[in-house]
Amino acid sequence: MTEDDIITFVSGLPGTAVFTAGPGDGSPEVAWGDSFFFYDPDGLDSIPADGRLPYATIVTKDYPGFDTASGLDRPGVFRLNVAVGRVVFERLVGYPPAAHAEHHAGTDYAVLDRVIPHPLYATQSWISILNPGDAEPAQAILRDAHARAAGRHRRPPGKSPA
(Lines give C-alpha, C1' and ligand atoms only; values in the text may rest on other atoms or scores of the structure.)
Protein backbone atom coordinates (compact mmCIF):
# COMPACT_ATOMS: atom_id res chain seq x y z
CA MET A 1 0.00 0.00 0.00
CA THR A 2 1.10 3.54 -0.67
CA GLU A 3 0.25 6.62 1.37
CA ASP A 4 -2.29 7.54 -1.31
CA ASP A 5 -3.86 4.06 -1.15
CA ILE A 6 -4.34 4.48 2.61
CA ILE A 7 -5.73 8.01 2.29
CA THR A 8 -8.16 6.88 -0.42
CA PHE A 9 -9.31 3.90 1.65
CA VAL A 10 -9.77 5.86 4.88
CA SER A 11 -11.48 8.73 3.04
CA GLY A 12 -14.12 6.23 1.97
CA LEU A 13 -15.02 5.26 5.53
CA PRO A 14 -18.25 7.04 6.56
CA GLY A 15 -17.77 10.23 8.56
CA THR A 16 -14.01 10.33 8.13
CA ALA A 17 -12.22 13.61 7.63
CA VAL A 18 -8.65 13.58 6.34
CA PHE A 19 -6.33 16.44 7.13
CA THR A 20 -2.87 16.55 5.51
CA ALA A 21 -0.74 19.22 7.15
CA GLY A 22 0.85 21.83 4.93
CA PRO A 23 1.88 25.47 4.60
CA GLY A 24 -0.75 28.02 5.52
CA ASP A 25 -3.00 25.73 7.59
CA GLY A 26 -1.51 26.61 10.98
CA SER A 27 0.23 23.26 11.45
CA PRO A 28 3.87 23.18 12.52
CA GLU A 29 6.30 22.84 9.62
CA VAL A 30 7.65 19.54 10.98
CA ALA A 31 4.18 18.00 10.42
CA TRP A 32 3.81 19.15 6.80
CA GLY A 33 3.06 16.15 4.62
CA ASP A 34 1.73 14.04 7.50
CA SER A 35 -1.95 13.00 7.37
CA PHE A 36 -4.44 12.77 10.22
CA PHE A 37 -7.72 10.81 10.13
CA PHE A 38 -10.59 11.99 12.32
CA TYR A 39 -14.11 10.71 12.76
CA ASP A 40 -16.56 13.57 12.26
CA PRO A 41 -19.82 12.78 10.49
CA ASP A 42 -20.52 16.52 10.19
CA GLY A 43 -17.38 17.05 8.10
CA LEU A 44 -14.18 18.93 8.83
CA ASP A 45 -11.83 21.04 6.83
CA SER A 46 -9.20 21.31 9.55
CA ILE A 47 -8.11 19.64 12.77
CA PRO A 48 -11.07 19.70 15.20
CA ALA A 49 -10.96 22.51 17.72
CA ASP A 50 -12.50 20.29 20.41
CA GLY A 51 -9.18 18.55 21.16
CA ARG A 52 -10.30 15.28 19.58
CA LEU A 53 -7.42 13.03 18.61
CA PRO A 54 -7.18 11.30 15.26
CA TYR A 55 -7.89 7.58 15.12
CA ALA A 56 -5.04 7.08 12.65
CA THR A 57 -2.16 9.02 11.11
CA ILE A 58 0.47 8.72 8.43
CA VAL A 59 3.87 10.11 9.38
CA THR A 60 6.34 10.67 6.57
CA LYS A 61 9.52 11.72 8.34
CA ASP A 62 11.42 11.62 11.60
CA TYR A 63 10.72 14.35 14.14
CA PRO A 64 14.27 15.21 15.30
CA GLY A 65 14.73 15.03 19.05
CA PHE A 66 11.33 13.41 19.54
CA ASP A 67 10.40 10.58 17.18
CA THR A 68 13.27 8.97 15.27
CA ALA A 69 13.07 5.27 16.19
CA SER A 70 11.40 4.24 12.92
CA GLY A 71 14.02 5.76 10.62
CA LEU A 72 11.39 7.53 8.54
CA ASP A 73 14.07 9.59 6.81
CA ARG A 74 14.87 6.55 4.65
CA PRO A 75 13.74 7.07 1.05
CA GLY A 76 10.11 6.05 0.51
CA VAL A 77 9.46 4.99 4.10
CA PHE A 78 6.33 6.13 5.94
CA ARG A 79 4.52 4.93 9.05
CA LEU A 80 0.83 4.21 9.43
CA ASN A 81 -0.19 4.70 13.08
CA VAL A 82 -3.54 3.48 14.41
CA ALA A 83 -5.31 3.76 17.78
CA VAL A 84 -6.58 0.20 18.25
CA GLY A 85 -7.61 -0.07 21.91
CA ARG A 86 -6.21 -2.35 24.58
CA VAL A 87 -7.82 -5.62 23.47
CA VAL A 88 -6.80 -5.32 19.82
CA PHE A 89 -3.34 -4.05 20.77
CA GLU A 90 -2.73 -7.17 22.85
CA ARG A 91 -4.07 -9.44 20.10
CA LEU A 92 -1.81 -7.79 17.50
CA VAL A 93 1.45 -7.47 19.46
CA GLY A 94 1.10 -10.23 22.06
CA TYR A 95 1.10 -8.22 25.27
CA PRO A 96 -1.04 -5.45 26.81
CA PRO A 97 -0.15 -1.79 26.28
CA ALA A 98 0.69 -1.38 29.98
CA ALA A 99 3.50 -3.96 29.58
CA HIS A 100 5.20 -2.12 26.72
CA ALA A 101 8.07 -0.77 28.83
CA GLU A 102 9.21 -4.37 29.36
CA HIS A 103 9.31 -4.95 25.57
CA HIS A 104 10.47 -1.55 24.33
CA ALA A 105 14.20 -2.33 24.09
CA GLY A 106 13.58 -5.52 22.11
CA THR A 107 11.33 -3.93 19.49
CA ASP A 108 12.62 -3.09 16.01
CA TYR A 109 10.67 0.09 15.25
CA ALA A 110 12.23 0.35 11.78
CA VAL A 111 11.01 -3.00 10.40
CA LEU A 112 8.85 -2.73 7.29
CA ASP A 113 5.41 -4.25 6.73
CA ARG A 114 4.86 -5.64 10.22
CA VAL A 115 2.46 -4.60 12.98
CA ILE A 116 4.55 -3.19 15.81
CA PRO A 117 3.83 -1.08 18.88
CA HIS A 118 4.03 2.65 18.21
CA PRO A 119 7.48 3.81 19.36
CA LEU A 120 6.03 6.59 21.56
CA TYR A 121 2.33 5.85 22.06
CA ALA A 122 2.20 2.08 22.60
CA THR A 123 1.01 2.54 26.18
CA GLN A 124 -1.97 4.47 24.77
CA SER A 125 -2.81 1.42 22.59
CA TRP A 126 -1.37 2.71 19.30
CA ILE A 127 0.23 0.36 16.78
CA SER A 128 2.28 1.15 13.69
CA ILE A 129 3.04 -0.41 10.34
CA LEU A 130 5.89 0.95 8.23
CA ASN A 131 5.05 0.68 4.52
CA PRO A 132 2.21 -1.85 4.83
CA GLY A 133 2.47 -4.29 1.93
CA ASP A 134 -0.73 -6.32 1.89
CA ALA A 135 -3.78 -4.04 1.97
CA GLU A 136 -6.20 -6.33 3.81
CA PRO A 137 -4.54 -6.45 7.27
CA ALA A 138 -4.02 -2.68 7.35
CA GLN A 139 -7.55 -2.04 6.07
CA ALA A 140 -9.04 -4.36 8.71
CA ILE A 141 -7.14 -2.51 11.45
CA LEU A 142 -8.29 0.84 10.05
CA ARG A 143 -11.94 -0.29 9.79
CA ASP A 144 -11.85 -1.38 13.43
CA ALA A 145 -10.27 1.90 14.57
CA HIS A 146 -12.88 3.84 12.58
CA ALA A 147 -15.67 1.87 14.27
CA ARG A 148 -14.15 2.59 17.69
CA ALA A 149 -13.92 6.31 16.88
CA ALA A 150 -17.54 6.33 15.68
CA GLY A 151 -18.60 4.62 18.90
CA ARG A 152 -16.82 7.21 21.02
CA HIS A 153 -18.44 9.99 19.00
CA ARG A 154 -21.96 8.62 19.67
CA ARG A 155 -21.35 7.95 23.38
CA PRO A 156 -23.18 10.38 25.67
CA PRO A 157 -20.92 12.85 27.54
CA GLY A 158 -19.49 11.41 30.75
CA LYS A 159 -19.74 7.77 29.62
CA SER A 160 -16.42 5.97 29.55
CA PRO A 161 -15.58 3.24 27.03
CA ALA A 162 -16.10 -0.37 28.02
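Yes or no, residue by residue, for (1) more than 19 Å from Ala138 (Cα to Cα); (2) touching a helix residue (DSSP H, G or I) at 6+ places or on another chain (Cβ under 9 Å):
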site	(1), (2)
Glu29	yes, no
Trp32	yes, no
Phe36	no, no
Asp40	yes, yes
Thr57	no, no
Asp67	yes, no
Val82	no, yes
Gly94	no, yes
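Is there a residue being modelled with pLDDT under 95, closer than 19 Å to Ile7 by Cα, among the aliphatic types (A, V, I, L, M) and more than 12 Å from the chain's Cα centre (by Cα) anywhere in segment 150-162?
Yes, because at least one residue in segment 150-162 is modelled with pLDDT under 95, closer than 19 Å to Ile7 by Cα, among the aliphatic types (A, V, I, L, M) and more than 12 Å from the chain's Cα centre (by Cα).
If I ask for residues that are of a type outside the set (Val, Ile, Thr), closer than 13 Å to Gly33 by Cβ and outside any strand (DSSP E or B), which ones from segment 51-75 would you list?
If the condition is that a residue be of a type outside the set (Val, Ile, Thr), closer than 13 Å to Gly33 by Cβ and outside any strand (DSSP E or B), then Lys61, Asp62, Leu72, Asp73 are the ones that fit.
Can you pull out the residues in segment 90-129 that are polar (S, T, N, Q), under 15 Å from Ala56 (Cβ atoms) and either surrounded by 16 or more Cβ atoms within 10 Å (Cβ to Cβ) or touching a Ser or Thr at 6+ places or on another chain (Cβ under 8 Å) (or both)?
Matches in segment 90-129: Ser125, Ser128.
Among the residues of segment 64-78, is any charged (D, E, K, R) and farther than 23 Å from Met1 by Cα?
There is no residue in segment 64-78 that is charged (D, E, K, R) and farther than 23 Å from Met1 by Cα.
Looking only at segment 1-55, which residues are charged (D, E, K, R), farther than 18 Å from Ala83 by Cβ and at pLDDT below 95?
Passing the criteria: Asp25, Glu29, Asp42, Asp45.
State whether one or more residues within segment 44-56 are over 18 Å from Phe19 (Cβ atoms) and surrounded by 15 or more Cβ atoms within 10 Å (Cβ to Cβ).
The answer is no; no qualifying residue exists.
So, of the residues in segment 1-20 that are in a loop (DSSP other than H, G, I, E, B) and not small (Gly, Ala, Ser), which turns out to be surrounded by the fewest Cβ atoms within 10 Å (Cβ to Cβ)?
For segment 1-20, the residue satisfying everything is Pro14.
Determine whether Val88 is hydrophobic (A, V, I, L, M, F, W, C) and in contact with a Leu (Cβ under 8 Å, 6 or more places away or on another chain).
In short, no.
Do we find a residue being within 17 Å of the chain's Cα centre (by Cα) and touching a residue at least 60 places away in the same chain (Cβ under 8 Å) anywhere in segment 107-128?
no
The values are calculated or read from the model by the stated rules, or taken from the named source; none is laboratory data. All values derive from a computational prediction rather than experimental measurement. Quick reminder, even Gly has a Cβ in these numbers, built from the backbone with ideal geometry, and neighbours come from all protein chains shown.
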